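Asker: Provided herewith is a single structure, encoded as structure tokens, for subsequent inquiry.
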Amino acid sequence: MESVVSSLKRELEITFNRIDLAKAELKNVDLNATDEGDQSGIAEQRLQAEATLKRLTKRKIDLEHALERSKSPLFGNCEDCDAEIPEKRLLAFPSTTCCVACQSVREARQRHYAA
Ligand SMILES: [Zn+2]
């Protein structure tokens, strides 16, 4: 499980860097917005930068959550049904805290609420 924890830490570091970049990008868009220019293009850029920042922030929260959980003896077991999560899955998706079956239930629920 050690390698899962180290890849979590590495991913978290990368995500922090990307968040900084996304924030800088967002600031740039605002600076450009004061120029005479393509206003709809700027609005589009701003939306994209905000979406990226939102996605990265969610990723950061997921990674921090998984890292926190990695300190618990329950690490490696599904948060929802307690089944053991295969190590292959943990290595492929270090931020995951539930099994494939529960993940698809969660995603279906999210789609339901998003719709
Ligand atoms: Zn499960």
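The values are calculated or read from the model by the stated rules, or taken from the named source; none is laboratory data. Predicted model, so just to flag it, every value in this text is computed and none were measured. As a convention, Cβ positions derive from the backbone with ideal geometry for all residues, glycine included, and neighbour counts pool all protein chains shown.
Asker: State all residues of segment 33-60 that are free of Cβ contacts under 8 Å to residues at least 24 places away in the same chain and in contact with a helix residue (DSSP H, G or I) (Cβ under 6 Å, 6 or more places away or on another chain); if no residue qualifies, say none.
Answerer: Those that are free of Cβ contacts under 8 Å to residues at least 24 places away in the same chain and in contact with a helix residue (DSSP H, G or I) (Cβ under 6 Å, 6 or more places away or on another chain): Ala33, Ile42, Gln45, Arg46.
Asker: Still on this model: Looking at (1) closer than 26 Å to Ala101 by Cα; (2) buried (at least 16 other Cβ atoms within 10 Å of the Cβ); (3) modelled with pLDDT under 95, find the lone condition where Cys78 falls short.
Answerer: It fails just one condition, (3).
Asker: Sort out which residues of segment 15-34 are of a type in the set (Val, Ile, Thr) and surrounded by 13 or more Cβ atoms within 10 Å (Cβ to Cβ), and write them in order of number.
Answerer: Within segment 15-34, Thr15, Ile19, Val29 meet the criteria.
Asker: Criterion first (more than 16 Å from the ligand (Cβ to nearest atom), touching a residue at least 60 places away in the same chain (Cβ under 8 Å) and surrounded by 17 or more Cβ atoms within 10 Å (Cβ to Cβ)) does Leu63 satisfy it?
Answerer: no
Asker: So how many residues does segment 76-104 have that are within 14 Å of the ligand (Cβ to nearest atom) and part of a loop (DSSP other than H, G, I, E, B)?
Answerer: 14
Asker: Please go through segment 1-49 and pick out each residue that is at pLDDT 95 or above, over 29 Å from Glu84 (Cα atoms) and charged (D, E, K, R).
Answerer: Scanning segment 1-49 gives Arg18, Asp20, Lys23.
Asker: Can you work out which of the residues in segment 83-115 that are among the small types (Gly, Ala, Ser) and closer than 20 Å to Ser6 by Cα is surrounded by the most Cβ atoms within 10 Å (Cβ to Cβ)?
Answerer: Ser95
Asker: Still on this structure: Given the residues Lys27, Lys71, which is the only one that is more than 15 Å from the chain's Cα centre (by Cα) and assigned to a loop (DSSP other than H, G, I, E, B)?
Answerer: Only one candidate qualifies: Lys71.
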